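Undergrad: Let me begin by handing over the structure; questions about it come next.
The values are calculated or read from the model by the stated rules, or taken from the named source; none is laboratory data. Everything numeric in this text was worked out from a predicted model, so none of it was measured. Cβ placement follows ideal geometry from the backbone for every residue including glycine, while neighbour counts extend to all protein chains displayed. Side chains included, ligands, DNA and RNA excluded: accessible areas come from the protein's heavy atoms. Shrake-Rupley method; radii C 1.70, N 1.55, O 1.52, S 1.80 Å.
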Amino acid sequence: MIELNNVSVAFGDHSVLRSCSFTLADGERVALMGPSGCGKTTLLRLVLGLQKPDSGSVSVSGRIACVFQEPRLLPWCSALENVNAALSDGAETMDLARSYLAAVDLADAESLLPGELSGGMQQRLAIARALAYGGDIFLMDEPLKGCDSELRDRLLDLLARECAGKSLLLITHDEYEARRLADRVYRFQNGTFEIM
């Protein structure tokens with residue numbers, strides 16, 4: 001569960017969140033939409049504990065798997081090793097790691113380092129790693145940016161299956177993705193939420 005109670009955040013004179021209250025219940029899937037710079041990623045950073053609110057409180061219970069806007073991969077590890085690191089980094093998990101790579105169409109890239117992958121491939125690798133890590137809550141910030149429509153639909157099906165019964169907080173600019181994955185969709189603007 002994620003609960004924000006009366007949370008405010010400002011950067012200098014710019015107020016990003018204004019007395020926001022928000023709850024993501026266990027097993028619920030919510031999408032946040034809004035223009036760039038409106039505070040969506042700031043909210044994700046608050047949930048992860050990477051940033052503290054200026055006022056209000058943030059409460060999170062459960063294990064979190066996250067896909068950031070940028071992949072945040074281990075550059076010295078191969079694609080397979082990046083996914084396996086989310087499991088237990090043991091030889092017995094390599095087959096499972098390979099299955100996650102295959103699920104995001106990276107079966108042929110297992111020996112490549114992140115620097116040898118395109119930006120879209122790196123993003124898919126980050127998705128595979130998050131799915132391998134699992135957890136009770138999935139936080140995803142623009143996870144499908146740069147994917148063509150056919151690949152995006154396959155990945156949306158994968159995410160819907162893997163996140164079934166889990167909590168999902170999806171940040172996206174794409175209403176189609178939001179409607180495919182979320183039970184509720186909020187527009188986030190002027191520091192507050194409005195249900196769409």
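Undergrad: Extending each Cα 7 Å along its Cβ direction at Asp174 and Leu50, get the distance between those two points in nm, one decimal.
TA: 2.1 nm
Undergrad: Please tell me the relative contact order of region 65-196 in percent, rounded to the nearest whole number, where contacts are Cα pairs under 8 Å and at least six residues apart. The partial results should precede the final answer.
TA: Working: 180 pairs, mean separation 33.6, N = 132.
Answer for region 65-196 is 25 percent.
Undergrad: Separate question: Considering only protein heavy atoms, with the full assembly of protein chains and a 1.4 angstrom probe, order Ile195, Ile2 by accessible area, largest first.
TA: Largest accessible area first, the residues go Ile195, Ile2.
Undergrad: Just read off the accessible area of Cys77 with the full protein assembly in place, 1.4 Å probe, to the nearest 10 Å².
TA: About 20 Å², rounded to the nearest 10.
Undergrad: With every protein chain present, what accessible area does Phe22 have (1.4 Å probe, heavy atoms only), rounded to the nearest 10 Å²?
TA: About 10 Å², ignoring ligands and nucleic acids.
Undergrad: Return the FRET efficiency for the residue pair Ser57, Ala164: r is the Cβ-Cβ distance, R0 is 22 Å, and the value is rounded to the nearest 0.05. Mind showing how you got there, number by number?
TA: Values: r = 30 Å, r/R0 = 1.35.
Once the sixth-power term is evaluated, E becomes 0.15.
Undergrad: Output the peptides 124-132, 30-38 sorted from most to least packed, where packing is the average of other Cβ atoms within 10 Å over each peptide's residues. Could the numbers behind the result be given before it?
TA: Values: 124-132: 25.3, 30-38: 17.6.
Put in order of decreasing packing, that is 124-132, 30-38.
Undergrad: For Lys40, list the lysines whose Cα falls under 20 Å from its own Cα; do not include residues on the same chain fewer than 8 positions away.
TA: Lys52, Lys145
Undergrad: Give me the percent of DSSP beta bridges within region 118-196 that run antiparallel, rounded to the nearest 5. Working shown, then result.
TA: Numbers: 4 of 9 bridges.
Around 45 percent of the beta bridges assigned by DSSP in region 118-196 are antiparallel ones.
Undergrad: Further question: Report for the chain the percent antiparallel among DSSP-assigned beta bridges with both residues inside it, nearest 5.
TA: Taking every DSSP beta bridge within the chain, about 50 percent pair in antiparallel fashion.
Undergrad: Now, a different point. Given the convex hull over the Cα atoms of the chain, what projected area results after averaging over all orientations, in nm²? Write down the numbers at each step before the final one.
TA: On the way: hull surface 43.6 nm².
Result: a mean projected hull area of 10.9 nm².
Undergrad: Which of the helices in the chain meet the span-like rule: DSSP H, Cα axial reach of 15 Å or more, Kyte-Doolittle mean at least 0.0?
TA: TM-like helix candidates: 119-133.
Undergrad: Once you keep just the Cα pairs under 8 angstrom separated by 6 or more residues, what percentage relative contact order results for region 111-187?
TA: After rounding, I find 31 percent.
Undergrad: Sort Thr41, Thr172 from largest to smallest accessible area, using a 1.4 Å probe on the heavy atoms of the protein chains.
TA: The ordering from most to least exposed comes out as Thr41, Thr172.
Undergrad: Using alpha-carbon pairs under 8 Å, 6+ residues apart, how would you state the relative contact order of region 1-142 in percent?
TA: 27 percent
Undergrad: If you don't mind, there's one more thing I want to ask. How long are the three semi-axes of the equivalent ellipsoid for region 1-115, computed from the Cα gyration tensor as the root of 5 times each eigenvalue, in whole Å, largest first?
TA: 34, 16, 13
Undergrad: What is the sum of charges, Lys and Arg at +1 and Asp and Glu at -1, for the other residues whose Cβ falls under 15 Å from the Cβ of Gly56? Show your work: numbers first, answer last.
TA: Details: positive: Arg18, Arg45, Lys52; negative: Glu3, Asp54.
Residues close to Gly56 contribute a combined charge of +1.
Undergrad: Along Cα→Cβ, 7 Å out, is where each label goes; now give me the distance between the ones at Arg72 and Leu151 in nm to one decimal.
TA: Using points 7 Å along Cα→Cβ, the separation is 2.2 nm.
Undergrad: Round to the nearest 0.05 the FRET efficiency obtained for Arg18 and Thr93 when R0 = 35 Å and r is the Cβ-Cβ distance.
TA: Values: r = 44 Å, r/R0 = 1.27.
Using R0 = 35 Å, I get an efficiency of 0.20.
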